[in-house]
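Taken together, the values in this text are just the output of simple stated rules run on the coordinates, not laboratory data. Predicted model only: the values in this text are computed from it and were never measured. Using ideal geometry, Cβ is built from the backbone for each residue, glycine included, and neighbour counts are taken over all protein chains shown.
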Amino acid sequence: FTKVVFVIKHAIEKDFKAIIGKRIEKMVKVEYVFQENDVLPENFVCPEDRVKPWGTAHAILCCKDVVKEPFAVVNADDFYGRSAFKKIADFLKQETKDYCMVGFRLVNTLTENGYVSRGVCEIKDNKLSSVTERTKIVDCKYTEDDGESWTPMSPDTVVSMNLWGFMPDIFGYIEDGFKEFLSKNINVPKSEYYLPSVVSSLIENGEKQ
């Protein structure tokens with residue numbers, strides 16, 4: 001990888017650049033983009049009471065003006081390991097229009113410090129067929145009703161930790177989907193536009209594999 005793009009908020013810009021950015025700039029080219037709630041497509045206005053960010057897909061969309069090459073996406077608060085980065089870099093060097101994702105076994109991604117959010121993957125013929133975002137997973141089980149009921153999962157379930165490999169054409173798909181999402185959810189305070197939802201939609205529509 002030859003460039004790092006940090007997606008941050010203006011509120012932390014000064015401290016982030018001083019503590020992290022200046023250190024990374026010594027090793028690789030660094031750029032910054034800002035995910036703010038009012039960064040929306042034309043004809044959409046952010047509700048005044050909106051506090052929560054618009055989600056991981058919106059964060060990626062904020063990068064469209066500075067990313068013009070094949071690229072990887074990572075969460076800032078997850079540790080993936082050297083081999084994971086090597087695998088995704090090797091894939092992105094190929095001449096392909098397909099996207100990719102480094103999957104992890106669920107049991108290896110849990111924590112003793114509360115619940116985690118993971119994209120639960122379905123695999124068919126060694127290819128990703130769908131990703132379902134589960135926002136509250138504890139001890140290999142998830143809840144959709146704040147803990148009133150729990151659904152168990154196999155420890156070997158393949159999950160996404162948002163280590164994705166994309167081509168630049170993903171920005172067009174994300175932007176189109178974001179407009180549709182906003183049309184339905186702009187006034188829902190905690191609604192989020194998730195990156196796995198974008199990928200699943202592209203797979204289901206046969207546009208990507």
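Which ³J(HN,Hα) values, rounded to whole Hz and listed in residue order, are derived for the range 124-138 from phi using the Karplus coefficients 6.51, -1.76 and 1.60 in 6.51 cos²θ - 1.76 cosθ + 1.60 with θ = phi - 60°, glycine and proline given as x?
Residue by residue, the range 124-138 yields 10, 6, 6, 10, 5, 10, 6, 9, 10, 6, 10, 8, 9, 10, 9 Hz.
Can you bin the range 160-209 into rounded, prolate or oblate? Criterion: square roots of the alpha carbon gyration tensor eigenvalues sorted a ≥ b ≥ c, rounded for a/c under 1.5, prolate for a/b above b/c, oblate for the rest.
Prolate shape, in that a/c is at least 1.5 and a/b is the bigger ratio.
May I ask you to evaluate 6.51 cos²θ - 1.76 cosθ + 1.60, the Karplus curve with θ = phi - 60°, for each residue of the range 109-121 and list the ³J(HN,Hα) values in order in whole Hz, giving x for glycine and proline?
10, 8, 9, 7, 9, x, 8, 10, 10, 9, x, 7, 9
Please give me the summed charge of the neighbours of K22: other residues whose Cβ is under 12 Å from its Cβ, Lys and Arg +1, Asp and Glu -1.
Residues close to K22 contribute a combined charge of +2.
When the chain is treated as a GNM, springs tying every alpha-carbon pair under 10 Å, which of N37, N113, N187 comes out with the largest mean-square fluctuation?
Of N37, N113, N187, the most mobile in the Gaussian network model is N113.
Please compute the contact order of the range 9-123 in relative form: average sequence separation of alpha-carbon pairs under 8 Å and at least six residues apart, divided by the residue count, as a percent.
In percent, rounded to a whole number, it is 16.
Could you check which residue among F178, F79, F71 shows the biggest mean-square fluctuation in a GNM of the chain with a 10 Å Cα cutoff?
Per the Cα network of the chain with a 10 Å cutoff, F79 tops the list.
In the structure shown, do any of K68/K179; K64/K184; K3/K93; K64/K136; K3/K87; K17/K68 have a Cα-Cα gap over 20 Å, and if so which?
From K68/K179; K64/K184; K3/K93; K64/K136; K3/K87; K17/K68, over 20 Å: K68/K179; K64/K184; K64/K136; K17/K68.
By average Cβ neighbour count within 10 Å, what is the ranking of 84-92, 166-174 from highest down?
166-174, 84-92
Name the residue, out of S117, S83, S160, whose mean-square fluctuation peaks in a Gaussian network model built on the chain with Cα pairs under 10 Å.
In the Gaussian network model the winner is S83.
Is the range 1-72 best put as rounded, prolate or oblate by its Cα gyration tensor, with a ≥ b ≥ c the root eigenvalues, rounded for a/c under 1.5, and otherwise prolate when a/b is larger than b/c, oblate when not?
oblate
Using R₀ = 30 Å, calculate the FRET efficiency as 1/(1 + (r/R₀)^6) where r is the Cβ-Cβ separation of W150 and D78; round to 0.05.
Given R0 = 30 Å and the Cβ-Cβ separation, E is 0.80.
Looking at the square roots a ≥ b ≥ c of the eigenvalues of the Cα gyration tensor of the range 119-209, which shape do they give, rounded for a/c under 1.5, prolate if a/b is larger than b/c, or oblate?
Since a/c reaches 1.5 but b/c is at least a/b, the shape of the range 119-209 is classed as oblate.
Suppose only helical runs count, i.e. DSSP H with n ≥ 4. What mean residue ellipticity at 222 nm does that imply for the chain under -39500 (n - 2.57) per run, divided by all residues and rounded to the nearest 500 deg cm²/dmol?
After summing the helix terms and dividing by residue count, I get -6500 deg cm²/dmol.
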